[in-house]
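The values are calculated or read from the model by the stated rules, or taken from the named source; none is laboratory data. What you are looking at is a predicted structure, and each value in this text was computed from that prediction instead of being measured. All Cβ positions, glycine included, derive from the backbone under ideal geometry; neighbour counts span all protein chains shown. With ligands, DNA and RNA removed, areas are computed over all heavy atoms of the protein, side chains included. Shrake-Rupley method; radii C 1.70, N 1.55, O 1.52, S 1.80 Å.
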Amino acid sequence: MNFLSLQHIPIEDPGYIKDLLLADGHNLTTIELDKGEHIPLDLKSYDVMFSMGGPMDTWMEYDYPWLIEEKKAITDFVLNLKKPFVGFCLGCQLLGEVLGGSVVKSDPPEIGFLDVNLAEIAAQDPLFSNFPNTFKALQWHSYEVRGLEQNPNINLLASSKNTKYQIFNYKNYAYGVQFHVEIKDDTVSSWGSVPEYKKALEGTLGDGSLNKMKLESDKYLSDMNLLSSSLYQNIITKFK
């Protein structure tokens with residue numbers, strides 16, 4: 001299969017999912033938008049599009065004009081070509097905006113390894129049917145999607161205590177995932193070096209919270225690797 005990954009900062013790639021798909025011999029094309037790389041105009045040859053996280057927000061088009069290009073590409077891939085899409089964190093919010101939702105400030109921000117709770121409808125979902133009803137995942141966001149209930153083609157698949165749209169899908173082939181299960185053993189350390197991420201972390205959890213996050217990452221990493229493996233296997237079998 002041919003995968004396309006739209007990235008906004010080099011250290012946020014598909015992570016463990018990337019390792020799995022490359023090990024299985026699939027093709028991955030990475031577009032580093034923050035470095036001036038452009039999305040291919042012809043997207044028909046790609047089977048699945050990923051849109052990853054980043055320190056910017058969906059509305060920052062003046063500072064990051066490539067967000068306009070990315071929103072157009074997501075619109076084309078999802079609404080015109082009707083091809084599988086998975087957006088993580090910022091990518092989730094970009095999909096939500098494309099589908100008519102709004103991206104608003106979270107109150108409070110969600111940062112840490114927190115519970116995500118599946119809705120009953122997720123039991124029939126192509127990608128998340130074999131996820132546990134409640135699981136831990138890394139949250140690191142200060143904004144979230146709202147207003148998607150206005151689109152009748154969207155299903156709410158999972159929520160957390162403070163964020164309604166932790167997972168949603170559009171017609172069972174385009175997905176927004178607000179949290180991170182794709183992380184690896186060095187993810188928290190790498191993300192903690194990004195000024196915007198560090199500021200959000202310490203502003204929410206206090207000084208020294210990065211070390212606590214590293215310990216929690218070690219604790220939950222194997223579980224999240226299993227969830228990543230499940231998500232990856234479902235992507236390649238359901239969307240082949």
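So the values come out like this:
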| quantity | calculated |
| --- | --- |
| With 10 Å bins from 0: P(r) over segment 145-216, alpha-carbon pairs, percent | 17, 36, 29, 17, 1 |
| Viscosity 1.567 mPa s, temperature 4 °C, Stokes-Einstein D of the chain from Kirkwood C-alpha radius, µm²/s | 73 µm²/s |
| Highest-fluctuation residue, Val48, Val194, Val145 considered, GNM on the chain with Cα pairs under 10 Å | Val194 |
| Heavy-atom accessible area ranking, 1.4 Å probe, most first, across Lys214, Lys161 | Lys161, Lys214 |
| Counted charge near Asp47, where neighbours are those whose Cβ lies closer than 9 Å (Asp, Glu -1; Lys, Arg +1) | +2 |
| Shape call, segment 7-120: gyration tensor on alpha carbons, a/c limit 1.5 | rounded |
| Inter-part distance where segment 149-203 and segment 22-63 are each reduced to a Cα centre, Å | 17 Å |
| Hz values of 3J(HN,Hα) by residue in segment 9-14 - Karplus curve (6.51, -1.76, 1.60), Gly and Pro given as x | 6, x, 7, 10, 10, x |
| Heavy-atom surface of segment 24-101, accessible at 1.4 Å and reported per residue (Å²) | 43 Å² |
| Ratio of the Cα radius of gyration of segment 99-183 to 2.2 N^0.38 Å, where N counts its residues | 1.02 |
| Segment 110-240: mean projected area of Cα convex hull, nm² | 8.1 nm² |
| Residue-count net charge about Tyr173 - beta-carbon cut-off 15 Å; Lys, Arg +1, Asp, Glu -1 | +2 |
| Peptide ranges 98-105, 61-68, 168-175 listed from the most packed, as the mean C-beta count within 10 angstrom indicates | 168-175, 98-105, 61-68 |
| Local net charge near His38, Cβ-Cβ under 13 Å (Lys/Arg +1, Asp/Glu -1) | -4 |
| Prolate/oblate/rounded label for segment 61-125 (Cα gyration tensor, a/c 1.5) | oblate |
| Interchain or long-range residues, amide H under 5 Å from Leu157's placed H | Ile167, Phe168, Asn169 |
